Amino acid sequence: MRRELSVAVARYQHGVFSRRQALRAGFSADAVKALVRRGTWRVILPGVYTASTGELRRINMMWAMLLYAGRGAVLSHWTAAEVHKISGKTVPPEIHVSVPAGRKVVVLPGMRVHRSKWALQSAATRCDPPCTSVEDTVLDLVDVSDSWDDVGGWVTRAITREKTDAVKLRAAMEKRGRLRWRAELDEIISAALSGDHSVLELLYGRDVERAHGLPEPKRQVPFRKADGSGGRRDRVYAEYGVVIELDGQQFHRAEDVQDEKERDNAVVEAGKASLRFGWKAVKQTPCRTAIRVARVLRNNGWDGSPQPCSVYCPVRDERI
């Protein structure tokens, strides 16, 4: 029995185990106390131990807090996002744990406890340590987001990093009766289903293109990179030889940014006009961005004119 405990711990829980697991493996309460007293086992948290003498890593603490929280507990929110690799640039140091509604857990330093009726149902089938699924992790974080930008960030990272897709997100969303930002989330998911791979693309299509009457480009156009691998261009006005790349570095990893540079180089090599816009240009100054796009399109054969999106739109005062 004791052998079974050591093998299970080493394989599944990164050397961390609970008092309950030790008792089930055949250790008596006195034996547990003696092993702790002699220093054979170290106490990590109340009722949670390790036989390792090395420095505790973050994954050890994740397992420790799950075991301390008890049956049905899963990592959630920012910590689950960390495990799924959909976090932003900063990861909160606290470890977030969700427990079934009605459970009482004494919160320890460095720990955040959420009570949710979704705790058990939303657990991922394969996750080390156990955590909420990618879809429910995104929805949990959307539910506590303070801004539209935050909502878009969580959805964009999850989809562009290929951890989930719009269909799965919508299915998870429909299971929840109450959800903040539901309308905004639905808009983002609808855009993803229609071919927009990021929130920045959604905003470009809505606030730059359609709001100002620009011609409709092709989206996510495949192309072949110099190394032979495939890639996609965000917007291509094929008739006018103009390519638009949307640089969402706010939500991108370093390797994503490098891919974008390679796309720019490929556009120049193909003899096409290329424009790249970031978050500020699309979100904060869409009218000015529309003016720049319109000018390049006109220089390349477009015979149309951009339309002002409102009485205050600067397009009204520009000669294009």
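The values are calculated or read from the model by the stated rules, or taken from the named source; none is laboratory data. Since the model is a prediction, treat every value here as computed from it, not as a measurement. Counting neighbours? That spans all protein chains shown, and the Cβs are built from the backbone with ideal geometry, glycine included.
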Check: Taking the stretch 149-186 as the region of interest, how many residues are surrounded by fewer than 17 Cβ atoms within 10 Å (Cβ to Cβ) and aromatic (Phe, Trp, Tyr)?
Finding: 0
Note to self: Tell me which strands (runs of 3 or more DSSP E) are completely within the stretch 44-132 and hold 3 or more residues being not aromatic (Phe, Trp, Tyr), or say none if there are none.
What the structure shows: 95-100, 111-116
Notebook entry, point to check: Given (1) in a strand (DSSP E or B); (2) outside the structural domain of GLY153 (by TED's automatic domain parsing); (3) within 30 Å of ARG161 (Cα to Cα), where does HIS14 come up short, assuming only one miss?
Noted result: (1)
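Yes or no, residue by residue, for (1) in the same structural domain as ALA80 (by TED's automatic domain parsing); (2) at pLDDT 85 or above; (3) more than 16 Å from the chain's Cα centre (by Cα); (4) not in a helix (DSSP H, G or I):
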| position | (1), (2), (3), (4) |
| --- | --- |
| THR156 | yes, no, no, no |
| LYS168 | yes, yes, no, no |
| ALA171 | yes, yes, yes, no |
| ARG176 | yes, yes, yes, yes |
| ARG180 | yes, yes, yes, yes |
| ALA183 | yes, yes, yes, no |
| LEU203 | no, yes, yes, no |
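Does any residue of the stretch 188-198 turn out to be part of a helix (DSSP H, G or I), of a type in the set (D, E, K, R) and buried (at least 17 other Cβ atoms within 10 Å of the Cβ)?
No, the stretch 188-198 contains no residue that is part of a helix (DSSP H, G or I), of a type in the set (D, E, K, R) and buried (at least 17 other Cβ atoms within 10 Å of the Cβ).
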Item checked: Count of residues meeting criterion [crowded, with 17+ Cβ neighbours inside 10 Å and over 14 Å from the mean Cα position of the chain (by Cα)] in the stretch 113-148 -> 12
Notebook entry, point to check: Given VAL36, VAL48, VAL106, which one is at negative phi and outside the structural domain of VAL16 (by TED's automatic domain parsing)?
Noted result: VAL106
Note to self: Considering only the stretch 85-99, I want to know if a residue exists there that is out of contact with any helix residue (DSSP H, G or I) (no Cβ under 7 Å at 6 or more places or on another chain), surrounded by 23 or more Cβ atoms within 10 Å (Cβ to Cβ) and assigned by TED's automatic domain parsing to the domain that holds TRP154.
What the structure shows: yes
Checklist line | Selected residue [touching a residue at least 24 places away in the same chain (Cβ under 8 Å) and among the small types (Gly, Ala, Ser)] from GLY70, GLY102, GLY54 | finding: GLY70
Check: What is the residue count in the stretch 1-43 for residues that are modelled with pLDDT of 85 or more and in contact with a Phe, Trp or Tyr (Cβ under 8 Å, 6 or more places away or on another chain)?
Finding: 13
Notebook entry, point to check: Among the residues of the stretch 279-306, which ones are surrounded by fewer than 15 Cβ atoms within 10 Å (Cβ to Cβ), touching a residue at least 40 places away in the same chain (Cβ under 8 Å) and either within 16 Å of LEU246 (Cα to Cα) or in contact with a helix residue (DSSP H, G or I) (Cβ under 6 Å, 6 or more places away or on another chain) (or both)?
Noted result: ASN300, GLY301
Notebook entry, point to check: Only one of (1) assigned to a helix (DSSP H, G or I); (2) free of Cβ contacts under 8 Å to residues at least 24 places away in the same chain; (3) under 28 Å from ARG103 (Cβ atoms) fails for LEU141. Which number is that?
Noted result: (2)
